[in-house]
Amino acid sequence: MIGSKHRAQPTLFIPGSLEDYIPDDHILKRVDRVLDLSWLRREVAGCYCEDNGRPGIDPEAAARLMLAGFFHGITADRELLRHAQVNIAIRWFAGYELHEALPHHSSLTRIRQRWGPECFMKIFRRIVQDCNARGLISGETLHIDATLVRADVSWESLTAGYVDAALDANEPPQPPTDDDPPPGASAPRKQKQTRKSKRRKKRSGTDPDATMATSRKDHRLEPAFKQHTTVDDKTGVIVDIIISTGEIHEGALLDETIRRTKKLIGRAPERVTADASYANGRNYRSLENQNIDAIIPPQRMQKPRNSVPSIRFKYDEKNDIVRCPKKKILRPSTRMANGRIYQSRPADCAACPLRGGCIPKSATRRTILIVNGYTSLLRARRRHRQKLDSDKHWSARHRFLVEGIHGEAKQQHGLARAARRGIDNLIIQAALTAAVIDLKRLAASVSSRFYAILGRIFRNHVIPASFVSQIPLRRGNGVQKNRKWAA
């Protein structure tokens with residue numbers, strides 16, 4: 001018999017609370033058990049007037065609304081409020097009943113502007129501390145990597161003359177000199193100023209914070225920002241993020257990343273993994289000084305241009321000299337930002353039988369650049385040639401964890417493209433995305449612990465099948481393995 005449904009009269013009252021209509025295994029319901037934002041009201045109290053103005057949106061409700069949107073991959077405020085209008089799970093998670101009006105989407109924009117990026121970073125750090133308190137962070141192994149985030153600008157907004165125009169507009173006036181003509185006299189003809197022939201990178205006029213960058217040589221440059229991510233090896237919790245422009249090299253922020261992580265979790269790591277972008281002598285030396293094992297593959301050496309490459313020159317760190325293949329001494333000369341120049345004597349090179357393949361015909365001496373941390377770099381190269389099994393293991397963990405988290409953030413939580421313009425807005429977006437990823441790990445650990453305790457309690461007891469059937473199914477070491485206890 002075909003059934004029928006009467007839809008003319010809607011239900012006037014809904015029995016029970018909204019929580020009763022949300023499945024127990026829903027992500028927002030599981031996260032609600034571990035999320036604590038009771039401190040947020042005191043943190044942002046200074047951003048509001050105490051005795052004047054209309055009552056604003058509850059800070060915890062606003063933060064929960066934003067987090068709920070990122071759980072569903074929604075980064076736009078308008079779309080978030082449209083989903084919250086019909087999604088009872090988002091309403092319940094943020095604390096709004098069915099009869100309550102949701103805030104206007106522009107209110108969330110003003111809240112972000114009022115709180116600032118540092119407040120959202122505090123939300124992320126408090127979640128990291130909660131993960132650390134529950135034992136999800138070991139701090140022994142840290143995986144560090146960077147990824148590009150496409151800026152929210154169009155290709156039509158890019159211009160090569162933006163930087164030059166900004167510099168010309170802000171150039172300070174030059175004080176008069178003795179060579180200036182007296183008043184009323186004709187000025188001498190100025191020489192034509194020629195710009196460097198070096199190609200200038202384009203920048204966007206709508207988002208000047210974004211810079212042109214690319215992650216591969218065979219890909220074109222795009223206006224982007226860069227997120228530097230640090231992931232703990234134990235459960236894949238993100239312990240730190242840093243947002244910079246796309247031009248900042250990731251290797252330059254390794255020391256800052258480790259310092260921030262040590263301050264947050266209270267201990268120094270035993271080892272750090274990273275890709276070849278972080279492989280430079282300065283980073284190797286810094287990690288050695290901190291007694292941190294560096295699992296960083298060195299970059300490939302460039303093909304030598306002559307028959308006597310620089311690798312054949314031996315650096316004596318104790319005496320601060322360099323010896324050439326013929327045992328002649330090169331002494332230190334000019335100090336550079338990334339190292340120091342060592343030069344030989346012209347008399348030694350003039351009578352050297354290797355002169356033809358060592359220096360150009362127009363040169364009189366050989367010049368060698370010894371980069372900072374050169375001896376540490378040599379030790380890292382020797383270690384890489386040994387191809388240790390432990391290094392292969394940690395490198396595989398690096399690709400699985402930190403690169404996988406970047407894919408998770410971009411595919412599931414909307415970090416593939418900046419939702420708004422400006423580096424401050426991207427810091428807020430990245431902080432909420434990292435907080436959502438960590439909350440998923442935190443909620444999963446609490447559920448796993450609950451089922452593990454339940455299994456230990458009823459290991460030797462028979463549980464009625466009616467009771468087991470009411471427990472929500474989950475993957476892993478959950479009820480799917482424990483249902484064998486049922487009668």
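When peptides 45-51, 57-63 are ranked by their average number of other Cβ atoms within 10 Å per residue, the highest-first order is 57-63, 45-51. Residue separation of Arg335 and Asp389 scaled by 0.36 nm, minus their Cα-Cα distance, works out to 15.6 nm of gained length. Taking label points 7 Å from Cα along the Cα-to-Cβ direction, Phe400 and Asp58 give a separation of 4.2 nm. What is the stretch 18-115 by shape, rounded, prolate or oblate, if you read a ≥ b ≥ c off the alpha carbon gyration tensor as root eigenvalues and call it rounded for a/c under 1.5, prolate for a/b larger than b/c, and oblate otherwise? Prolate shape, in that a/c is at least 1.5 and a/b is the bigger ratio.
Set the bar at 21 Å for Cα to Cα. Now go through Lys29/Lys122; Lys234/Lys262; Lys263/Lys387 and name every pair that lies beyond it. Numbers along the way, then the final one.
Working: Lys29/Lys122 23 Å; Lys234/Lys262 16 Å; Lys263/Lys387 33 Å.
From Lys29/Lys122; Lys234/Lys262; Lys263/Lys387, over 21 Å: Lys29/Lys122; Lys263/Lys387.
Counting only Cβ charges, +1 for Lys and Arg and -1 for Asp and Glu, the dipole size of the stretch 310-371 around its Cα centre is about 180 debye.
For the stretch 326-340, the Karplus equation 6.51 cos²θ - 1.76 cosθ + 1.60, evaluated at θ = phi - 60°, returns couplings of 9, 6, 7, 9, 10, 9, x, 10, 8, 8, 9, 5, 9, x, 9 Hz by residue, with Gly and Pro reported as x. At an R0 of 22 angstrom, the distance between the Cβ atoms of Arg259 and Glu288 translates into a FRET efficiency of 0.85. Calculate the spin-label point distance for Ala45 paired with His26, positioning each point 7 Å from the Cα along the beta-carbon direction, and give it in nanometres. According to this spin-label approximation, the distance is 3.3 nm.
The simple spin-label model puts a point 7 Å past each Cα toward its Cβ; for Ile311 and Arg381 those points are separated by 0.6 nm. The alpha carbon centroids of the stretch 275-298 and the stretch 364-395 are separated by 9 Å.
Using the count of nearby Cβ atoms within 10 Å as a rough guide to exposure, how do Lys387, Lys410, Lys217 rank from fewest to most?
Ordered from fewest to most neighbouring Cβ atoms within 10 Å, Lys387, Lys410, Lys217 come out as Lys217, Lys387, Lys410.
Taken over the stretch 310-371, lysine pairs spaced eight or more positions apart, or on distinct chains, with alpha carbons under 17 Å apart number 5. Taking a ≥ b ≥ c as the square roots of the eigenvalues of the Cα gyration tensor, an a/c ratio of 1.5 or more together with a/b no larger than b/c marks the stretch 243-286 as oblate.
Among Met66, Met121, Met336, rank each residue by its count of other Cβ atoms within 10 Å, from fewest to most, as a rough exposure measure.
Met336, Met121, Met66
On the basis of the beta-carbon distance and an R0 of 51 Å, Ser154 and Ala351 show a calculated FRET efficiency of 0.20.
Ranked for footprinting exposure by Cβ neighbours inside 10 Å, fewest first, Arg379, Arg30, Arg41 give Arg41, Arg379, Arg30. Stretched out straight at 0.36 nm per residue, the stretch from Lys318 to Glu270 would grow longer than its current Cα-Cα span by 14.5 nm. Packing order of peptides 138-144, 312-318, 23-29, highest average first: 138-144, 23-29, 312-318 (average count of other Cβ atoms within 10 Å over each peptide's residues). Given their separation in residues at 0.36 nm each and the Cα-Cα distance between them, Thr367 and Met301 gain 21.9 nm when the chain is fully extended. Partners of Lys217 within straight-line reach, counting aspartates and glutamates whose Cα lies under 17 Å from its Cα and excluding those fewer than 8 residues away in the same chain: Glu247, Glu250, Asp275. When a/c is below 1.5 the answer is rounded, else prolate if a/b is larger than b/c, else oblate, so apply that to the stretch 81-137 with a ≥ b ≥ c taken from the square roots of the Cα gyration tensor eigenvalues. Verdict is oblate for the stretch 81-137.
Here, each number is a calculation from the coordinates, and none is a lab measurement. Bear in mind that the values here come from a model prediction, so they are computed numbers and not experimental data. Neighbour counts are summed over all protein chains in view; Cβ atoms, including those assigned to glycine, are modelled from backbone coordinates with ideal geometry.
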